[in-house]
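Read-outs: derived from the displayed coordinates by stated rules, not from any lab. Computed from a predicted model, the values in this text were never measured in an experiment. Note that each Cβ is placed from the backbone with ideal geometry, even for glycine, and that neighbours are counted across all protein chains shown.
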Amino acid sequence: MKEIVVISGKGGTGKTSITASFAFLGGADVIVADCDVDAADMHLLLQPDFARGEDFYSGELAKIHPDNCTQCGKCAEVCRFEAISVIDGMHTVDPLSCEGCGYCARICPTNAIENLSMNVGKWYISSIKTGSLMVHARLGIGADNSGKLVAKVKNEAKRLAEETNKDYIIVDGSPGIGCPVVSSLSGASFVVLVTEPSVSGLHDLKRVYELVKKFNLKAGCIINKSDINEKVTQEIEAFLREENILHIVNLPYDEQFTKAMTNGQTIIESDTNGLKQMIVDSWSKIKLTIN
Amino acid sequence: MKIAIASGKGGTGKTTLSVNLSAYLAEDEEIVLSDLDVEEPNSGLFINARMVHEEEKYKMVPEWKEDQCTLCGICQEVCNFHAVIQLGEMIMVFPELCHGCYACSELCPTDALPMIPKKMGMLKHLQNDKLSFIESRLDVGEEQAVPLIKQSQDYIDEHFTDDILRIYDSPPGTSCPVIEATKDADFVILVTEPTPFGLHDLKIAVETMKELKKPFGVVVNRHGIGNDGVLRYCEDKDIPVLAKIPNDRKIAELYSEGKLIYNEVPEVKQELDKIIAYLRTLKQGGVQ
C-alpha cells in the first residue's frame, strides 16, 4: 500500500481539485484522506455520506473553580501565555490564549484549577462517489491544529486501506509548513507538489520542498496555470531539475476547474477540452513512479 | 487602528489585497504592513523597500544539565506536550514540540533544565517612504507559528504609535495561527472567492470571527467566476461586502510577476477606494 501526499506550500494552487481528480481516477483502489482539517473542501467534490462520525479530543484547557480559589495569583504569575487575568476580582482563564500546559493547575495551592479535556473537532469515515471510502474531519472553531487530528485522519485511512487491501491512500494536505503539514507528511511514500508560476508560488514551493527534503521523501510536481507566466514556469522547471523532482505535468490556466467545482464535480467528470487526459496521464505517471 | 486581512481558504487573495491596499494608502499616510503568514510569507515579494533592521527571533526551550539531574522524572510528568522524555538515564528534550511553558524548568528540584533561547525565525523591518513593512519568517522545520506571530506584533507595538494604521496579512485557515494574528485586530477583512470552496471556508472564517467577537466584512476576489452563493450568503447574514475585485487574467499575470496591480487595473483602484471609504467610516464612528 502506497501513500501519496499532495501539498502546495501556497494555498489556492488547485491542490484539492487535482487530488479529488486522482481519487476519482483511482476509484475503488484508493482510500482518500482529507488532512486539510482546517479548511476541508474535498467533501464538496466527492460527496461523502458522513456515515460514521466521532468526536476528537486533544489537549487541555485550564478552568478555575471560583469556590476553591483564594485569588492568590500564583497561576497568573507562572502562565507564560498571558491567559489568566483578573476580571471582576476573579482570576479567569482566556480559553483562546490557554495552551493547555497545565502548569497553573500543578502549582495552585488550593487545587482550584481543573484541566478540561478539549473537544477539537469531529472526524468521519464516509462512502464517496468513487466507490471507495474517505476519512475526513472538521476542526472546531479556533481549535488547536497541533497535527493530532491530521494524524488521526491519516492513521484511520491507513487502517482502512490495510483492512480492505487497497493499493493507495491519497492525502490532501494543508497549506504552509507548520504542524499540520509535518503531520501529513509522516509516513508518505510519495509527495505531489502542486504549484503555480507566480513569484509566491515558487517561493512557497521552495520552502515546502525544504521540509520534504528533511523527511527524505521522493516528490513530483504539477505546475498548474502554467501559461499565466512562462518565465516563472521555466524557473520552476529549472528548480525541479536541480532538485531532481519529477516534473509530472504543466496544466494550463483553465476556468473549467472552477466550473467543475461549482457543479460539485471533479474535472474528470466534466471536462471536454483535454484537461481530463492530462490528469489521466499524470495519475499513470505517478503510479508508475512509485511502483 | 489594526486591520487583519484573513480568509479560511488559502490562495483567495489576502496578500494581493494587503500589499495593494497598503501601498495605495501609503501614498498619503503612514502605514505599517505586517506579514503574519510566517509559514509562507509572500508580501515581501511585492514590496520594494530598504532594510531598516533585521533580527533573529528566539523561543525559550529547556536544556538538560546531566550533572545536576537526579532523574526524579518530574519534568517528564509535568510536560503536557511530550517534549521532555526520560529514556533510561537520559532526559531527551524535543524543542519542536515545546510550547515554552517553563513547567519542567521551574518545577525541577535541582535546576537541571534551564531555559535557553532557540532560534525559530527572522524578523525584517523595511521602509519605503511612508510604508513600513515588517516580515517574519519561520525557519523551515519549526512547527509552531504562534510564538513568532506574537513576537512580530510585539515588535510593531514597540516601534510604532497607535495612531498609525496597521495592516496584518494573516495566515490561511481558522486555527491557532489565525487566532493569534487576528485577536488584537479592530476589524477583520475576510477575502474569499465566489466558488463553493470559497463559500464553505468563508462560513468557517465567519464563525471564527463571531467566536472572537470581531467586527468583520468580506471582500470578494475573482468576482465573476463561480456562482452567486457567496453574495447571497453575505446578504442573508447581513455581512457587509466591502468590495468585489474582478476576475481578470491580467491581474493574475501581474500578481505572478510580483507587481502591484492597483495602478494598472483601474477597477481594482475603484474597489480599493470603497474599502478605504468603509475603513474611514469605521474610524470616525469609533471602532465598534
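Take B:Met1 and A:Ile87, extend 7 Å from each Cα along the Cα→Cβ direction, and tell me the distance between the two endpoints in nm.
2.7
Report the FRET efficiency, 1/(1 + (r/R0)^6), for A:Lys74 and B:Lys119, where r is their Cβ-Cβ distance and R0 is 30 Å, rounded to 0.05. Walk me through the numbers on the way to the answer.
Numbers: r = 31 Å, r/R0 = 1.05.
Efficiency for this residue pair is about 0.45.
If you rank B:Val178, B:Val38 by fewest surrounding Cβ atoms within 10 Å, what's the result?
Numbers: B:Val178 29, B:Val38 32.
Fewest-to-most Cβ neighbours within 10 Å comes out as B:Val178, B:Val38.
Can you give the angle from 0 to 90° between the axis of helix A:15-26 and the longest principal axis of chain A, with both taken from C-alpha atoms, to the nearest 10?
Its long axis makes an angle of about 60 degrees.
At 10 °C and a viscosity of 1.306 mPa s, what translational diffusion coefficient does Stokes-Einstein give for chain A, taking Rh as the Kirkwood radius over Cα pairs? Give it in µm²/s as a whole number.
77
Treating only the Cβ of Lys, Arg, Asp and Glu as charged (+1, +1, -1, -1), what charge dipole size does the stretch B:64-113 show about its Cα centre? Round to the nearest 20 debye.
Numbers: 1 positive and 7 negative charges, 19 e Å.
Here the size comes out at about 100 debye.
Using +1 at the Cβ of each Lys and Arg and -1 at the Cβ of each Asp and Glu in chain A, identify which of A:Cys35, A:Leu25, A:Ile268 lies farthest towards the dipole's positive end.
Projecting each Cα onto the dipole axis, the largest value belongs to A:Leu25.
Which entries of A:Lys206/B:Lys59; A:Lys15/A:Lys122; A:Lys148/B:Lys9; A:Lys10/B:Lys283; B:Lys14/B:Lys124; A:Lys206/A:Lys285 show an alpha-carbon separation above 31 angstrom in the structure shown?
Working: A:Lys206/B:Lys59 24 Å; A:Lys15/A:Lys122 23 Å; A:Lys148/B:Lys9 21 Å; A:Lys10/B:Lys283 33 Å; B:Lys14/B:Lys124 20 Å; A:Lys206/A:Lys285 23 Å.
Check vs 31 Å cut-off fails for A:Lys10/B:Lys283.
Assuming R0 = 25 Å, what is the FRET efficiency of A:Lys213 and B:Glu54, from their Cβ-Cβ distance, to the nearest 0.05? Walk me through the numbers before you get to the answer.
Details: r = 25 Å, r/R0 = 1.02.
With R0 = 25 Å, the Cβ-Cβ based efficiency is 0.45.
Can you give me the angle between helix B:196-211 and the longest principal axis of chain B, using Cα atoms only, in degrees from 0 to 90, rounded to the nearest 10?
Taking Cα atoms only, the helix is inclined about 60 degrees.
Only four residue types carry charge here, +1 at the Cβ of Lys and Arg and -1 at the Cβ of Asp and Glu. Report the dipole size of the protein assembly as shown about the Cα centre in Debye, rounded to the nearest 20. Display every interim value, and only then the final one.
Working: 59 positive and 85 negative charges, 216 e Å.
Dipole magnitude for the protein assembly as shown comes out near 1040 debye.
Report, to the nearest 10°, how far helix A:230-243 tilts away from the longest principal axis of the Cα atoms in chain A, using its own Cα long axis and a range of 0 to 90°.
Helix A:230-243 and the main axis of chain A meet at about 80 degrees.
Okay, which of the stretch A:81-103 sit inside 20 Å, backbone N to the point 7 Å along the Cα-Cβ direction of B:Lys213?
Of the residues in the stretch A:81-103, A:82-99 have backbone N under 20 Å from the label point off B:Lys213.
Say we join alpha carbon atoms closer than 10 Å with springs in a Gaussian network model of chain A; which of A:Val93, A:Val212, A:Val171 then has the biggest fluctuation?
Among A:Val93, A:Val212, A:Val171, the largest GNM mean-square fluctuation belongs to A:Val93.
Can you tell which of A:Val212, B:Phe133, A:Tyr124 lies farthest toward the positive end of the dipole of the protein assembly as shown, using +1 and -1 charges on the Cβ of basic and acidic side chains (Lys, Arg; Asp, Glu)?
In the protein assembly as shown, that residue is A:Tyr124.
Among B:Gly226, B:Gly217, B:Gly13, which one shows the biggest mean-square fluctuation in a GNM of chain B, springs joining Cα atoms closer than 10 Å?
Looking only at B:Gly226, B:Gly217, B:Gly13, the biggest GNM fluctuation is shown by B:Gly226.
What is the gain in length, in nm to one decimal, between A:Glu243 and A:Ser117 on full extension, counting 0.36 nm per residue of separation less the C-alpha to C-alpha distance? Can you show the working numbers first?
Details: separation 126, 0.36 × 126 = 45.36 nm, distance 4.40 nm.
Stretched fully, the A:Glu243-A:Ser117 segment lengthens by 41.0 nm.
Classify the stretch A:99-198 as rounded, prolate or oblate from the Cα gyration tensor: take a ≥ b ≥ c as the square roots of its eigenvalues, call it rounded if a/c is under 1.5, otherwise prolate when a/b beats b/c and oblate if not. Let's see the in-between values first.
Working: a/c = 2.72, a/b = 1.84, b/c = 1.48.
It is prolate, given that a/c is not under 1.5 and a/b is the larger ratio.
Arrange the following residues from fewest to most other Cβ atoms within 10 Å of their Cβ: A:Cys75, A:Cys69. Present the calculation step by step, with values, prior to reporting the outcome.
Numbers: A:Cys75 24, A:Cys69 18.
Fewest to most other Cβ atoms nearby, the residues stand as A:Cys69, A:Cys75.
Indicate the gyration tensor shape class of the protein assembly as shown (rounded, prolate or oblate), computed on the Cα atoms with a ≥ b ≥ c the square roots of the eigenvalues: a/c under 1.5 is rounded; otherwise a/b larger than b/c is prolate and the rest oblate.
Numbers: a/c = 1.60, a/b = 1.18, b/c = 1.35.
Oblate.
Between B:Lys237 and A:Asn155, what is the spin-label point distance in nm, taking each point 7 Å from the Cα along the Cα→C-beta axis?
Output for this residue pair reads 3.3 nm.
Under the classification rounded if a/c is under 1.5, otherwise prolate if a/b is larger than b/c and oblate if not, where does the stretch A:181-276 fall, given a ≥ b ≥ c as square roots of the Cα gyration tensor eigenvalues?
On the way: a/c = 2.22, a/b = 1.43, b/c = 1.56.
Oblate shape, in that a/c is at least 1.5 and b/c is the bigger or equal ratio.
Which one, A:Gly201, A:Ile4, A:Leu44, is farthest towards the positive end of the dipole of chain A when Lys and Arg carry +1 and Asp and Glu -1 on their Cβ?
In chain A, that residue is A:Ile4.
What is the dipole size for the stretch A:172-214, taken about its Cα centre, with +1 at each Lys and Arg Cβ and -1 at each Asp and Glu Cβ, in debye to the nearest 20? Don't skip to the end; give the middle numbers.
Details: 4 positive and 4 negative charges, 41 e Å.
Dipole size: approximately 200 debye.
Computed FRET efficiency, Cβ-Cβ of A:Lys231 and A:Thr272, R0 45 Å: what is it to the nearest 0.05?
Step by step, r from the Cβ atoms, then E = 0.90.
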